[in-house]
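All of the numbers you see were taken from the coordinates with simple rules; none came from a lab. These figures come from a predicted structure and were not determined experimentally. Neighbour counts run over all protein chains shown; Cβ positions are idealised from the backbone, glycine included.
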Amino acid sequence: MRADGALLREIADTFGVATSTALRWTKPGEMERSRASAREWKARNAERNRAAYNAYNADPKNRGRCLTCRGLMGVGHHQDGECRSCATARVHERALHIVEMWAQGDSGHEIAASLGFTEGYLSVEIGRLRRKGYSLPYRYRLAAPRHQHLAA
């Protein structure tokens, strides 16, 4: 198209891209020159960019709020959500709920249903809680004696 005399703007509009993109497509070597220029600029301005990024993140008005405690989210979290301390507390409360139901003798199926888990996920969670030191003793099912199976 460029060889036929089309303007960069026309090429850009035809393909729905910026004119700078059309220029890089049509001019040999422009893509690499543009990349080299961007790398050089980034290297020259690294400290300034880092300082601006840190200043933006440190400003409380640029941080989200926890939906549970309404406190500020951590640095770098710009949207509302759940802060780390509330998430940790929620996970601990869930762990205590599992331990309590386990101690009462509830089945894995019952515990999983009460938490909205699958039984497979509950077994993973129980293993994780055991590794963290929560008291979840193993339950062994005793098989019926072999002769009872044959008599039935």
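Contact map, region 3-14: first residue among the hydroxyl-bearing types (Ser, Thr, Tyr), second residue in a helix (DSSP H, G or I), Cβ cut-off under 9 Å, separation 6 or more or different chains; pairs are Thr14/Ala22.
Select from region 23-41 the residues that are among the hydrophobic types (A, V, I, L, M, F, W, C) and surrounded by 11 or more Cβ atoms within 10 Å (Cβ to Cβ) and write down the one among them that is nearest to Arg9 (Cα to Cα).
Taking region 23-41 and keeping what is among the hydrophobic types (A, V, I, L, M, F, W, C), we get 23, 25, 31, 36, 38, 41.
From the residues that got through so far, the ones that are surrounded by 11 or more Cβ atoms within 10 Å (Cβ to Cβ) too are 23, 25, 31, 41.
Working: Leu23: 9, Trp25: 13, Met31: 18, Trp41: 26 Å.
Among them, the one singled out is Leu23.
Filter region 127-140 down to the residues that are surrounded by 13 or more Cβ atoms within 10 Å (Cβ to Cβ), free of Cβ contacts under 8 Å to residues at least 12 places away in the same chain and among the hydroxyl-bearing types (Ser, Thr, Tyr) and list them by number. Matches in region 127-140: none. Taking the listed residues Val75, Val124, Val99, the one that is in contact with a Phe, Trp or Tyr (Cβ under 7 Å, 6 or more places away or on another chain) and without any contact (Cβ under 8 Å) to a residue 60 or more places away in the chain is Val99, with no other qualifying. Pairs meeting the criteria (first residue in region 42-54 and at negative phi and surrounded by 11 or more Cβ atoms within 10 Å (Cβ to Cβ), second residue of a type outside the set (Val, Ile, Thr) and in a helix (DSSP H, G or I), beta carbons under 8 Å, at least 6 apart or on different chains) are Asn49/Lys42.
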